[in-house]
1. At a Cα cut-off below 23 Å, give the lysines reachable from Lys18, other chains included and same-chain residues fewer than 8 away excluded.
2. For helix 31-51, what angle does its Cα long axis make with the longest principal axis of the chain, in degrees from 0 to 90 and rounded to 10?
3. Sorted from fewest to most neighbouring beta carbons within 10 Å, what does the list Thr84, Thr20 look like?
4. If you build a Gaussian network model of the chain, linking Cα atoms that sit under 10 Å apart, which residue out of Gly51, Gly89, Gly43 swings the most?
5. Taking Cα atoms, how many degrees apart are the long axis of helix 59-78 and the longest axis of the chain, rounded to 10 and kept between 0 and 90?
6. Taking DSSP loops as anything outside H, G, I, E and B, show the longest stretch in the chain free of trypsin sites (Lys or Arg not before Pro) there with at most 14 other beta carbons within 10 Å.
Amino acid sequence: MPAVRIDAIHFYHNGGEKNTEAELYISIYNEKERLKRAMMRLGLFWLLSLGSIPIIFAHWVLVPGFFIAGPIAAIMTYRVKQATNHASGRCPCCEQQVVINLEPKDSIPSWTYCPQCKQSIHLDH
């Protein structure tokens, strides 16, 4: 289970006129978790490679493609030391408590939309 770090950030609206405090949740992976995730990714791609064998004409491309993509995906996964999860706080526009899901590679500062009122929100430290 990865460790979770919580950073203090702000939600801004209208160029900084309105702002509220929020929390950014980040997963931190240790060496053992990174290796486990990488091996799972490698296994998945090699399993897809084996599963592609019965496909009549496409297996000439799929089997070597998945077999080569496995180590590449595993290395890329192993290099990920932390991933952003979500941001939680009160929307400066509608004053509702919101949870904004983020992509693992997203970084702060960034722009997104409130899931409640659909207004643009700037996430920043």
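Where a number appears in this text, it was derived from the coordinates with a stated rule and is not lab data. If you're wondering where the values come from, they're calculated on a predicted model, not measured in any experiment. No Cβ is skipped: glycine too gets one built from the backbone with ideal geometry, and neighbour counts run over all protein chains shown.
1. Hits, sequence-local ones excluded: Lys118.
2. Approximately 50 degrees, to the nearest ten.
3. The fewest-first ordering by Cβ neighbours comes to Thr20, Thr84.
4. In the Gaussian network model the winner is Gly51.
5. 40
6. My reading of the result: 1-78 is the longest stretch.
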